[in-house]
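Everything on this sheet refers to the single structure shown next.
Nothing in this text is a laboratory measurement; each read-out follows from the coordinates by a stated rule. In this text, all values refer to a predicted model and were calculated from it rather than measured experimentally. In this analysis, Cβ positions are derived from the backbone assuming ideal geometry, glycine residues included, and neighbour counts consider all displayed protein chains.
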Amino acid sequence: RSLKDLGRSLGWGHGADPALPPGDMYSQDGDADEPEWVKTEREQFVEFRDKNRDGKMDKEETKDWILPSDYDHAEAEARHLVYESDQDKDGKLTQEEIVDKSDLFVGSQATDFGEALVRHDEF
């Protein structure tokens, strides 16, 4: 989906409440209290997503939300692999720990979907 389609489906810039997902995910019935996730999404929108405070997300705000510039995807993936595989929690991976979780490594971009494991003799 393009950002334009995403924005349109979420009602951004079209008068709908931009802090809420499409109506099929949540609609307030009567005087029922909002679920906690709706409150959280509203707070996230006001505090972080609507940077220019115009009540809706423009193209740049949406881009920053989907692809934040201060987020290192490679580092996050590497930390995830270590967290999931480091059985003795020493912060280092042994050959055995990697082999035990080989399915995780083969499916990871950090190992080029397993290609990096083939290029190293220790594996």
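Evaluate E = 1/(1 + (r/R0)^6) for Asp88 and Glu43, where r is the Cβ-Cβ distance and R0 equals 30 Å; express this FRET efficiency to the nearest 0.05.
Calculated value: 0.20.
Can you tell me the order of 57-67, 85-95 when each peptide is scored by its average per-residue count of other Cβ atoms within 10 angstrom, highest first?
On the way: 57-67: 14.5, 85-95: 11.6.
Most protected by this proxy first, the peptides run 57-67, 85-95.
HN-Hα J couplings of the stretch 82-87 from phi, Karplus 6.51/-1.76/1.60, θ = phi - 60°, integer Hz, Gly and Pro as x?
Coupling constants for the stretch 82-87: 5, 4, 6, 9, 6, 5 Hz.
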